[in-house]
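A short worksheet on the structure shown next.
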Amino acid sequence: MVSQQQTKDSGSKKLGMVAPQDKSSKEMKSSKKMKFASSSADTEPTSQTKISDDSKTGRGMSTMPRVVKRKLQNLRPIVEYNKRGKGIGQAHSEMQSYIGVLARSRVPLVDKKWSQIPKDIKEQIWEAVDMAFVVGRGGKKSVLASAAKKWKDFKSTQTRHYILPYTNDKEKLSQPPEIYKFIEKAQWDAFVALRLSSDFESVHSQHAQIREKLEYNHRLSRKGYAGLEDQLEETMPGVEIDRSTLWKRARQDKHGNIPDPKVAEKAKLIDELQKQVSEGKVRVDGSKDVLTMALGPEHPGRLRGVGAGISPKQYFNLPKPQRVSIDDRLKESLRVLLQEETKKMEAKAREKALKMEARTKQLVEAEREHFLSQLSQLIPNFDPNILKQRISQSPINPMSDKASCSGGEVKSLHFEDDTAKDEEKKKEKRDEEKEEEKEKEDEEKHDDKVVEVGDYSNMEAPSSLKTLCRYVETTLLPEDKILQFTIDKEVFGGDRDTFILPEDITQFAGIEEIGATVLAVYMRYLHDVLKKANMCSMVGFIDPATVSANSGTIADRSRLVAARLQKTDDEQIFMMPYNSGRHWILLIVRAKKETVYFLDPLPGHRVVNEEGKNIVNSAIKMYNTHIARAGRKNVIWKTLSGTPKQPSSVECGYYVMRFMRDIIMDPSLGFENKYAKGNQEASYPQEAIDEVRNEWAEIVFQIIKQGNN
């Protein structure tokens with residue numbers, strides 16, 4: 001998690017800092033500021049290399065003791081990335097050094113490819129790095145790719161510095177190098193034998209010839225092009241730094257000179273071309289830029305002057321080639337598959353609707369009897385038949401804010417006044433009195449019975465939810481209680497009186513449709529998470545009950561959203577779960593940039609409900625008026641279609657809860673790239689949904705505990 005609290009180291013780049021800090025520690029005196037996040041668990045030093053602060057002669061092998069020390073203090077620096085997704089800053093440099101330590105000490109020194117290394121060793125490296133740093137956008141894939149390169153470089157270093165120079169000195173080759181004592185002798189002997197073989201000599205010779213053909217060698221350190229660009233942006237504020245400038249600077253020495261005559265000649269040509277571009281004499285167009293003019297065309301798929309891993313399409317934002325056609329048989333297979341899935345979803349929805357209808361009849365009948373009983377006590381000689389009602393059709397779901405993606409119309413209750421003759425009334429009254437006496441006897445018998453608690457051992461739910469269901473049966477239902485509490489105004493901008501019904505809990509445990517109250521309670525939990533991480537100025541919430549369908553007019557709901565946006569803090573985003581009447585989606589409003597992101601857990605091509613769109617558009621216009629800004633003609637709406645997709649018709653609310661959780665757990669808030677089209681469209685594993693359900697149950701238990709105090 002990210003915090004906005006920052007240390008004050010003079011003359012350094014503004015990077016910020018979070019977490020408990022020991023200002024006397026060495027890492028706090030760095031000239032660069034690093035963001036920190038509290039570690040999720042107490043961890044032990046993961047390097048197998050002995051760590052010592054004793055002074056030693058020579059550079060020796062790096063063991064990164066400060067990383068291990070921070071892990072013991074539960075501090076995790078947050079790795080930052082530039083606009084192209086390349087790591088920058090001190091945290092990234094330290095992470096790379098630490099990956100090098102792990103690659104050297106954890107991976108055996110064997111003459112194999114990285115793909116042949118056991119998966120458990122790779123997993124250990126990733127876990128060690130993840131416990132020491134908040135990796136963020138790069139993720140596991142980039143960490144292991146870096147480890148693979150550093151392991152390869154380590155083997156190359158052993159070969160060039162400790163084996164090939166001593167081919168005629170067997171005594172020197174009999175033991176591993178002094179500074180790499182962790183290398184087992186058996187591994188070292190086998191590695192030396194392979195590196196002195198004729199097969200390796202042939203491969204080494206071929207690579208040496210390829211290396212000699214490289215004409216324009218750079219002089220970059222491990223910071224690479226990304227680090228160089230970051231450095232130049234500090235020293236040259238306001239100046240556009242293109243790849244030709246990076247290419248030239250990467251070949252200068254520390255005094256700004258270019259020793260290689262061939263490189264110096266190309267650098268001079270770059271200067272001339274840049275001058276002509278600025279004067280309008282030469283025009284650059286896409287990939288035909290200054291560096292291409294100076295050095296010639298690029299090799300397909302490669303790009304000079306930007307570092308590894310960046311393609312021409314990424315750098316120049318070239319359009320992707322359009323697919324000309326799709327095989328007709330593939331189209332037909334997809335169509336049949338879609339029809340089958342639709343039938344399954346409809347059948348499941350009908351079954352659930354029938355169950356809900358029966359439950360609704362019972363609830364309505366019980367409420368009616370209770371109401372008539374109260375009137376009989378208050379009004380002398382009251383005739384219950386006057387208000388007698390018959391249910392002709394019941395609503396599919398009595399909770400209007402609950403959502404099912406299966407559709408279905410909500411029908412109304414039909415009431416009829418009994419207009420029979422006086423004689424019939426008297427007879428019915430006598431029958432009614434007999435019925436009431438019988439019900440009273442049944443109630444008295446029921447009161448003497450012990451409440452039976454259901455067996456939830458086989459229920460597919462987290463243990464916390466099972467315990468909560470037992471609390472419903474043993475406490476809430478027998479005592480006819482509900483959970484009543486207030487969500488603080490910090491969460492939604494105003495105090496929210498909230499009521500959790502027993503049905504809310506049991507339906508949530510059974511993964512049935514959920515309403516705005518359930519979502520609001522979880523958003524209160526997420527606000528607590530943000531608060532602990534000092535991220536409340538980055539992410540805010542809008543109460544789903546005030547904006548969803550049937551919550552008032554569009555104008556009223558727009559004003560409520562606008563009032564919430566007016567409390568925004570610069571780049572703050574607001575998460576707004578929205579229910580159009582049958583389905584939950586998530587809208588993310590970035591008022592400062594007049595941009596709204598649309599996340600829908602249903603598969604297929606989805607579009608924003610027009611009512612929801614009008615509410616947010618009007619709210620942003622009101623916000624612009626509030627801050628005296630003209631604003632755009634049209635608000636920008638972006639559909640993030642790469643979200644995980646719900647497997648059936650009832651999980652939409654749970655998926656929206658998980659979306660919100662995943663977004664705030666990423667310190668960089670990189671949800672736009674994470675959920676871009678084509679990234680991930682599979683369903684969440686059940687463990688991911690259960691994690692949300694468990695957190696919801698824990699916050700409800702916390703509410704219960706606070707209410708009992």
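The values are calculated or read from the model by the stated rules, or taken from the named source; none is laboratory data. Quick caveat, the model's predicted, so the values are computed rather than measured. Glycine gets a Cβ as well: all are built from the backbone with ideal geometry, and neighbour counts include every protein chain shown. With ligands, DNA and RNA removed, areas are computed over all heavy atoms of the protein, side chains included. Shrake-Rupley method; radii C 1.70, N 1.55, O 1.52, S 1.80 Å.
Taken over region 73-105, the criterion of being free of Cβ contacts under 8 Å to residues at least 60 places away in the same chain, open to solvent by 40 Å² or more (accessible area, probe 1.4 Å) and of a type in the set (D, E, K, R) is satisfied by LYS83 alone. One residue is enough: does region 120-134 have a residue meeting the conditions surrounded by fewer than 20 Cβ atoms within 10 Å (Cβ to Cβ), part of a loop (DSSP other than H, G, I, E, B) and in contact (Cβ under 8 Å) with a residue 60 or more places away in the chain? Checked against the condition, which is being surrounded by fewer than 20 Cβ atoms within 10 Å (Cβ to Cβ), part of a loop (DSSP other than H, G, I, E, B) and in contact (Cβ under 8 Å) with a residue 60 or more places away in the chain, region 120-134 yields no hits at all. Of the residues in region 282-296, at least one is modelled with pLDDT of 75 or more, open to solvent by less than 100 Å² (accessible area, probe 1.4 Å), under 27 Å from GLY87 (Cβ atoms) and not in a helix (DSSP H, G or I).
Within region 613-633, not a single residue is aromatic (Phe, Trp, Tyr) and free of Cβ contacts under 8 Å to residues at least 40 places away in the same chain.
Give the residue, chosen from LYS275, LYS266, that is touching a residue at least 24 places away in the same chain (Cβ under 8 Å) and over 42 Å from the mean Cα position of the chain (by Cα). Just a single option satisfies the conditions, and that option is LYS266. For region 46-59, the count of residues that are hydrophobic (A, V, I, L, M, F, W, C), open to solvent by 20 Å² or more (accessible area, probe 1.4 Å), under 30 Å from ILE163 (Cα atoms) and at pLDDT 65 or above is zero.
Tell me which residues, restricted to region 658-699, are under 28 Å from GLU340 (Cα atoms) and touching a helix residue (DSSP H, G or I) at 6+ places or on another chain (Cβ under 9 Å). Spell out the reasoning first.
At the first step, the residues of region 658-699 found to be under 28 Å from GLU340 (Cα atoms) are 658-659, 675-690.
Once the filter is applied, which keeps residues that are under 28 Å from GLU340 (Cα atoms) and touching a helix residue (DSSP H, G or I) at 6+ places or on another chain (Cβ under 9 Å), region 658-699 yields ARG658, PHE659, TYR675, ASN679, GLN680, SER683, TYR684, ALA688, ILE689, ASP690.
Criterion applied to ILE505, ILE482, ILE514 was being among the hydrophobic types (A, V, I, L, M, F, W, C), open to solvent by 60 Å² or more (accessible area, probe 1.4 Å) and farther than 25 Å from LYS531 by Cα, and the one residue passing it is ILE482. Considering only residues in region 481-499 that are assigned to a loop (DSSP other than H, G, I, E, B) and out of contact with any Leu (no Cβ under 8 Å at 6 or more places or on another chain), the one that is modelled with the lowest pLDDT turns out to be LYS481. Give me the pairs, please: first residue somewhere in region 535-552 and in contact (Cβ under 8 Å) with a residue 12 or more places away in the chain, second residue anywhere and assigned to a loop (DSSP other than H, G, I, E, B) and among the acidic types (Asp, Glu), beta-carbon distance under 6 Å, and either six or more positions apart or on two chains. Note: pairs meeting the criteria are SER537/ASP569.
Are any residues in region 612-646 closer than 30 Å to ALA347 by Cα, assigned to a loop (DSSP other than H, G, I, E, B) and at pLDDT 90 or above, and if so, which ones? Give the derivation first.
The initial filter retains those residues of region 612-646 that are closer than 30 Å to ALA347 by Cα, namely 612, 639-646.
Right, trim to assigned to a loop (DSSP other than H, G, I, E, B) and you get 640-646.
Of everything in region 612-646, those that are closer than 30 Å to ALA347 by Cα, assigned to a loop (DSSP other than H, G, I, E, B) and at pLDDT 90 or above turn out to be LEU640, THR643, PRO644, LYS645, GLN646.
Pairs linking a residue in region 152-166 that is without any contact (Cβ under 8 Å) to a residue 40 or more places away in the chain to a residue that is part of a helix (DSSP H, G or I) and among the aliphatic types (A, V, I, L, M), with Cβ atoms under 6 Å and 6 or more positions apart or on different chains, are ILE163/VAL192; TYR166/LEU173.
Just a yes or no: is a residue in region 306-322 open to solvent by 100 Å² or more (accessible area, probe 1.4 Å), of a type in the set (A, V, I, L, M) and at pLDDT below 70? No, the conditions are met nowhere in region 306-322. Note on region 160-187: residues that are within 11 Å of LEU109 (Cβ to Cβ) and under 44 Å from the mean Cα position of the chain (by Cα) total 5. Might you check whether a residue that is charged (D, E, K, R), modelled with pLDDT of 90 or more, under 24 Å from ARG564 (Cα atoms) and open to solvent by less than 50 Å² (accessible area, probe 1.4 Å) occurs anywhere in region 647-658? Yes; the residues of region 647-658 include at least one that is charged (D, E, K, R), modelled with pLDDT of 90 or more, under 24 Å from ARG564 (Cα atoms) and open to solvent by less than 50 Å² (accessible area, probe 1.4 Å). Against the conditions (1) more than 35 Å from the chain's Cα centre (by Cα); (2) at pLDDT 70 or above; (3) of a type in the set (Lys, Arg); (4) surrounded by 11 or more Cβ atoms within 10 Å (Cβ to Cβ), ARG359 satisfies every one except (2). Residues in region 613-626 that are more than 11 Å from VAL561 (Cα to Cα) and open to solvent by less than 70 Å² (accessible area, probe 1.4 Å): LYS613, ASN614, ASN624. Highlighted here are the helices (runs of 4 or more DSSP H) found entirely within region 154-245 that include at least 1 residues which are open to solvent by 80 Å² or more (accessible area, probe 1.4 Å) and hydroxyl-bearing (Ser, Thr, Tyr): 198-212, 224-235. The residues listed here are ALA549, ALA562; of these, the one that is of a type outside the set (Lys, Arg) and part of a helix (DSSP H, G or I) is ALA562.
Identify the residue in region 70-117 that is part of a strand (DSSP E or B) and not acidic (Asp, Glu) and, among all such residues, is nearest to PHE191 (Cα to Cα). Before you say what the answer is, go through the steps one by one.
Of the residues in region 70-117, the ones part of a strand (DSSP E or B) are 75-78, 80-81, 87-88.
So of that shortlist, the ones also not acidic (Asp, Glu) come out as 75-78, 81, 87-88.
On the way: LEU75: 38, ARG76: 36, PRO77: 36, ILE78: 37, TYR81: 37, GLY87: 33, ILE88: 35 Å.
Taking the candidates together, the pick is GLY87.
Can you pull out the residues in region 565-604 that are farther than 25 Å from VAL518 by Cβ, open to solvent by 50 Å² or more (accessible area, probe 1.4 Å) and not in a helix (DSSP H, G or I)? Let's see the steps before the verdict.
As a first pass, look at region 565-604 and keep what is farther than 25 Å from VAL518 by Cβ: 566, 568-571, 590-595, 604.
From what is left, the residues that are open to solvent by 50 Å² or more (accessible area, probe 1.4 Å) are 566, 569-571, 592-593, 604.
Listed by number, the residues that qualify are GLN566, ASP569, ASP570, GLU571, GLY604.
Scan region 673-706 for residues that are more than 13 Å from LEU526 (Cβ to Cβ), open to solvent by less than 70 Å² (accessible area, probe 1.4 Å) and not in a loop (DSSP other than H, G, I, E, B) and the total you get is 10.
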